[in-house]
Amino acid sequence: MGSVKDYFSSLGAGLASLVKGMQITGKEFITPKITEKYPEHRDTVKVPERFRAILELKYDEEGNHKCIACGICERNCPNGTISITSKMVDTWDGKKKRKLDKYVYDLGSCTFCQLCVTTCPQDALEFSNDFEQAVFTREKLVKQLNYLPEKEEPAPTPEQIEKAKAEKEAKIAAAKAAAAAKKAAVAKAAEGAAQPASDETKNDDATKLTEEK
Ligand code: SF4
Ligand code: SF4
């Protein structure tokens, strides 16, 4: 059986603990709440900017994205979440250009590590903080990120046409100069090879004449 002293000591410790607990409870009463009622406050809910909900391609006001279908994000993704298909298109100057065909992203396997965003050389990706991504089937978590129709290749400006023309002419001139130089070198080499042969012929003729005499 404990002493009276122990009894009052335990009582004091219990009261101190109670006061401490009430202090914490009182503090929480006056601290601004960070939880939100959902879906009641769906329209006013505040989601931090840096919250990563879903990957998106960045589009500008004119509906253009900056993805060049290089595939770096696809290769860097540790989960195989991204699948890119590209296509080759003709440009106005007769060249071929790789363009994005389909950018497919599986939200269900994304771990939001952001490696794809940080390694993209074009700064073409970002995470949206739109948290309402719940769906009823896994298939619906697979999304095509380039959802807008691809735009036609832009028409060239007069400056571009002039520049391309000048470059083409310069290439032709350089090729002609190289061909002429090569031709001259071959002719010179042939001439050099023929010279000793004719000298040898002359020597043979002189020897014959000496012997006849
Ligand atoms: S999003 Fe970026 S890294 Fe990925 S294919 Fe497009 S340009 Fe390349
Ligand atoms: S955030 Fe990570 S897991 Fe998700 S697509 Fe990008 S690289 Fe893959």
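The values are calculated or read from the model by the stated rules, or taken from the named source; none is laboratory data. None of these values were measured; they are calculated from a predicted model. Here Cβ is always computed from backbone atoms with ideal geometry, including for glycine, and neighbour counts include all displayed protein chains.
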field: Enumeration of residues in the range 97-150 that are away from ligand 1 (no atom under 15 Å from the Cβ), among the aromatic types (Phe, Trp, Tyr) and more than 24 Å from Pro39 (Cβ to Cβ)
entry: none
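Given the residues Ala174, Ala194, which is the only one that is modelled with pLDDT of 80 or more and small (Gly, Ala, Ser)? Give the steps one after another, and end with the answer.
Numbers: Ala194 fails: modelled with pLDDT of 80 or more.
Exactly one of Ala174, Ala194 is modelled with pLDDT of 80 or more and small (Gly, Ala, Ser), namely Ala174.
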field: Qualifying residue in the range 8-31 (condition: under 25 Å from Lys140 (Cα atoms) and more than 16 Å from ligand 2 (Cβ to nearest atom))
entry: no
- prompt: Does any residue of the range 61-73 turn out to be assigned to a helix (DSSP H, G or I) and within 22 Å of the chain's Cα centre (by Cα)?
  reply: yes
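State yes or no: is Leu100 within 11 Å of ligand 2 (Cβ to nearest atom), assigned to a strand (DSSP E or B) and of a type in the set (A, V, I, L, M, F, W, C)? Outline the logic, then answer.
Values: within 11 Å of ligand 2 (Cβ to nearest atom): no; assigned to a strand (DSSP E or B): yes; of a type in the set (A, V, I, L, M, F, W, C): yes.
No; evaluated as a whole, the condition is false for this residue.
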- request: Give me the pairs, please: first residue somewhere in the range 61-78 and in the same structural domain as Thr111 (by TED's automatic domain parsing) and without any contact (Cβ under 8 Å) to a residue 60 or more places away in the chain, second residue anywhere and loosely packed, with under 14 Cβ neighbours inside 10 Å and hydroxyl-bearing (Ser, Thr, Tyr), beta-carbon distance under 9 Å, and either six or more positions apart or on two chains.
  value: Ala69/Thr85; Ile72/Thr119; Cys73/Thr119; Arg75/Thr119; Asn76/Thr118; Asn76/Thr119; Pro78/Thr111
message: Take the conditions under 30 Å from Val142 (Cα atoms) and in the same structural domain as Tyr103 (by TED's automatic domain parsing) and apply them to Tyr38. Does it pass?
response: no
Where Ala179 falls short, out of the listed (1) more than 16 Å from ligand 1 (Cβ to nearest atom); (2) closer than 29 Å to Cys73 by Cα; (3) out of contact with any Lys or Arg (no Cβ under 7 Å at 6 or more places or on another chain); (4) not acidic (Asp, Glu): (2)
- line: Flagged pairs (Cβ under 6 angstrom, 6 or more apart or on separate chains; first in the range 79-99, aromatic (Phe, Trp, Tyr); second modelled with pLDDT under 90 and surrounded by 11 or more Cβ atoms within 10 Å (Cβ to Cβ)) are Trp92/Pro156
- line: Here the qualifying pairs (Cβ atoms under 9 Å; residues six or more apart or on different chains; first in the range 134-150 and in a loop (DSSP other than H, G, I, E, B); second among the acidic types (Asp, Glu)) come out as Leu145/Glu56; Asn146/Asp101; Glu150/Asp101
